[in-house]
Structure formats: C-alpha cells, structure tokens
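Computed from the coordinates by the stated procedures, all read-outs in this text should not be read as laboratory data. Just so we're clear, the structure is a prediction, and the values are computed from it rather than from any experiment. So basically every Cβ, Gly included, is an ideal-geometry build from the backbone, and we count neighbours across all protein chains shown.
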Amino acid sequence: LDLSCGYGPNILGYGNAIAVEAMQEAAKTSNVNALGHPLEVELAEKLVDAFPGAELAIFSNSGTEAVIHALRLCRTYRPKARTVLKCEGHYHGFSDQAMVSSWFRVKGEAANPEPVAGCQGTPQAVVKNTRVVRFSHPHAREVLRQNADDIACVLLEPMQAGSDEIKTAFLKDLRALCTELDIPLVFDEVVTGFRVEYGGVQTRIGVEPDHTVLGKIIGGG
C-alpha cells in the first residue's frame, strides 16, 4: 500500500486509464528524444506558461540532473564564485553537492551549520564548496551578504517535502537580497510544483526565482 502516492507525484492513483492511454500513444512515436521532439516543444510551452517568471525550459532525465543543470547555469553566470549556498536538510537529489547536509545530515549550531557529506565517497572539495544555512533562520541572510562574492547561487526548497508551512516573509526577503547581490535564486519545486498549486509555491506567494527545478509529476509520476 502506497499511502504517500509515490511521495506526491501519483495524485491520479495507479493505472489511471487516461495516463496509461497517453503514455501508450506517446510511446508509438517518441521513444528517443535526445535530439528533440515536437511533444517536448509543447510541454516546454506549457511549463513556461505555468510559472510567471519562466522564459525557457531545459529537459533532463531526473530531478537530480535538473539540479545539476541549474547549478551549472549559475556557475556560468558567476564564474568567479566557487560555492553553492543551500539550506540544511533540504533534499535536491543524489549528486555529490546536492547531498551535502541533505535530509537528516546535520552538524554544528543552528545559526552556523557546518556542511557534511551526504554519504561516503563524496569528495571533500565538494563539501568545502558548499555553504549551509538553516532555512528561515535570521542569520542566513547575514551569511549570504558576508560571502556574496564567493556564492554562485542559493538553492532551496521553498517548502520542504515533510512540511505544510511556507515561510513567505523569509522567501521574499531572500529574493530581494539575491536581486541586490546579483546572485541567482534556485527553487527546487520537484515536490511542490503543481501540487501546492499550479505553478508551485512561487505562484502562491508571488516570489519568482531565477531557476525552477521540476520533476516527477510532470511525467505523470
């Protein structure tokens, strides 16, 4: 029995007739999409229309890959910055950097968490180049401002998967500060996009990130 609907994406249930029929029809013409396909264009247009600040869509095979794409774009925009600032306990897939201080991997004081590898085999250089703050903690903004020159982007879940609370004031303040410092803000809405609201948490609270990471639900689970 799956009481969490596959951690959220299977909101239509299992074996839904409409979803199954659509997948079977798509499989007749679009098994390999590496070089692009008209259906990808249609989906990209729908995604861009759903998110107020969106202009372009890039497809990948998973949420993990989507996060990697976003981080690369941010590092390209800020080539002199080495570190990524993320929130302690937020989940962004299984890349080395995304797993730093992810889930229940915590270390240090609430006001000044220390980055910790998500699993064995993680290069220490990756851990060192990840700065961690506590989500919605007042000191987080100070850390961002003090280390702005070395931060390529801010990566977070606007609402954590296991929470039903949205820290609107904090997210609005963070958006304003990232704009002031010219640091890209990345919302990981793999869990919240199209579930909290059509267009995600950002649509509900009116806070537009520079990049949005999506997954799972846009493929029917």
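Share of antiparallel DSSP beta bridges in the chain, in percent to the nearest 5?
Given both bridge residues lie in the chain, the antiparallel proportion sits at roughly 10 percent.
In angstroms, what radius of gyration and Dmax does the range 112-221 have, counting Cα atoms only?
So, for the range 112-221, Rg and Dmax equal 14.7, 42 Å respectively.
Do any GluC sites (Glu not before Pro) in the range 165-217 lie in a DSSP loop with no more than 12 other beta carbon atoms within 10 Å, and if so, which?
Of the GluC sites (Glu not before Pro), the ones in loops of the range 165-217 whose Cβ has at most 12 other Cβ atoms within 10 Å are GLU165.
Show which lysines lie in cross-link reach of LYS80 when reach means a straight Cα distance below 27 angstrom and same-chain residues fewer than eight apart are skipped.
The qualifying lysines are LYS128, LYS172.
Quick check: Cα centre of the range 7-72 to Cα centre of the range 168-200, how many Å?
21
For the chain, take the longest principal axis of its alpha carbons; what is the angle in degrees between that and the long axis of helix 17-27, to the nearest 10 within 0 to 90?
Once rounded, the angle reads 90 degrees.
Per the Kirkwood treatment, what hydrodynamic radius in Å, one decimal, follows for the range 31-93 from the mean inverse distance over all distinct Cα pairs? Working shown, then result.
Working: mean 1/r = 0.0717 Å⁻¹.
About 13.9 Å for the range 31-93.
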